[in-house]
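For reference, the structure is listed below as structure tokens.
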Amino acid sequence: MFCIECGGPLTLMYAKGEGLVPYCKNCGEYRFPQFATAVSMVVVNRNKDKILLAKHLGQEDYILFAGYVKKGETAEKAVCREFKEETGLNTVKAKYMSSRYHEPKNVLMLNFLMIAEDGEIKIDANELAEVAWFTPAEALEHIKKDSTAEAFLKNALGEIKKL
Ligand SMILES: [Zn+2]
């Protein structure tokens, strides 16, 4: 562990109410671990009977829509921006569901359940290979197994009617 300001080595030091926290002796400051924040979306149509999944370029499995939150941006804004970038469609409504830390990418994923406006989808060909609408049962079959996306989908399915 190294200091993000001076590059010096960090040691663990007790901080009141926080437990052991990385500390830089050079700077005399605690350095809380850094991680990225991303949003993930379970996308439903206006009728709330279909779920839109995405397949990334070069990938076999379907996953949920997702993207990093920009510095200074709210998670709610990131949901609308990312979905618009990837499909060309607007977000009618979005509701926060749950979160999960994804270790391989050092990112805290915030999952939202959202309704997409009806319309023709124009996928971002730089990122996505294809998107497809599924019934909830089909979506569970097609989502990447044992993934964060699968856990978010299972959690959100029970909430769709309440959205
Ligand atoms: Zn330092």
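The values are calculated or read from the model by the stated rules, or taken from the named source; none is laboratory data. Computed from a predicted model, the values in this text were never measured in an experiment. Every residue, glycine as well, gets a Cβ built from its backbone with ideal geometry; the counts of neighbours run over all protein chains shown. Please note that ligands, DNA and RNA were not included when accessible areas were found on the heavy atoms of the full protein model with its side chains. Shrake-Rupley method; radii C 1.70, N 1.55, O 1.52, S 1.80 Å.
In plain terms, the chain from GLU29 to LEU108 could stretch by 26.1 nm, reckoned as 0.36 nm per residue minus the Cα-Cα distance. Computed from phi, the 3J(HN,Hα) profile of the range 4-18 under the Karplus parametrisation 6.51, -1.76, 1.60 (θ = phi - 60°) reads 6, 8, 10, x, x, x, 9, 10, 7, 9, 6, 10, 4, x, 10 Hz, with x in place of Gly and Pro. Note on THR37 and LEU163: their simple-model spin labels are 2.2 nm apart, each label 7 Å out from Cα toward Cβ. The share of Cα pairs per 10 Å bin across the range 1-50, counted from zero up to the longest distance, runs 23, 31, 15, 11, 14, 7 percent. Exposure check, 1.4 Å probe, all protein chains in place: SER147 carries approximately 20 Å² of accessible surface. For GLU117 and GLU138, what does the FRET efficiency come to when R0 = 22 Å and r is the distance between their Cβ atoms, rounded to the nearest 0.05? Here the calculated transfer efficiency is 0.50. On the beta carbon distance between GLU73 and ASN155, with R0 = 25 Å, the FRET formula returns roughly 0.55.
Around the amide H of TYR23, modelled in the peptide plane, lie the amide H atoms of THR11, LEU12, MET13, ARG31, all under 5 Å away and 5 or more residues distant in sequence or on another chain. Rolling a 1.4 Å probe over the protein heavy atoms leaves THR135 with an accessible area of roughly 50 Å². Label positions at LYS93 and ALA125, each projected 7 Å from the Cα along the C-beta direction, are separated by 3.5 nm.
Helix 148-157 and the longest principal axis of the Cα set of the chain meet at an angle near 50°.
Taking all protein chains together, ILE51, ILE121 sort by accessible area into ILE121, ILE51, largest first [probe 1.4 Å].
These residues, PHE35, PHE65, go from largest to smallest accessible area, 1.4 Å probe, as PHE35, PHE65. Could you grab the relative contact order for the chain? Cα pairs under 8 Å, six or more apart, rounded to a whole percent. Over the chain, the number comes to 24 percent. THR11 label point, 7 Å along Cα→Cβ, cut-off 11 Å on backbone N: hits in the range 17-45? So the set is 23-26.
Between the amide H of HIS56 and those of ILE63, ALA129, distances stay under 5 Å, these residues lying 5 or more places away or on another chain, with hydrogens modeled in the peptide plane. For the chain, carbon and sulfur atoms together expose 51% of the accessible surface, with a 1.4 angstrom probe and every protein chain in place. In the context of the full set of protein chains, the chain has a per residue accessible area of 59 Å² (1.4 Å probe). Counting only DSSP beta bridges whose two residues both lie in the chain, roughly 75 percent are antiparallel.
In the calculated pair-distance distribution of the chain, the portion above 21 angstrom amounts to 52 percent of the Cα-Cα pairs.
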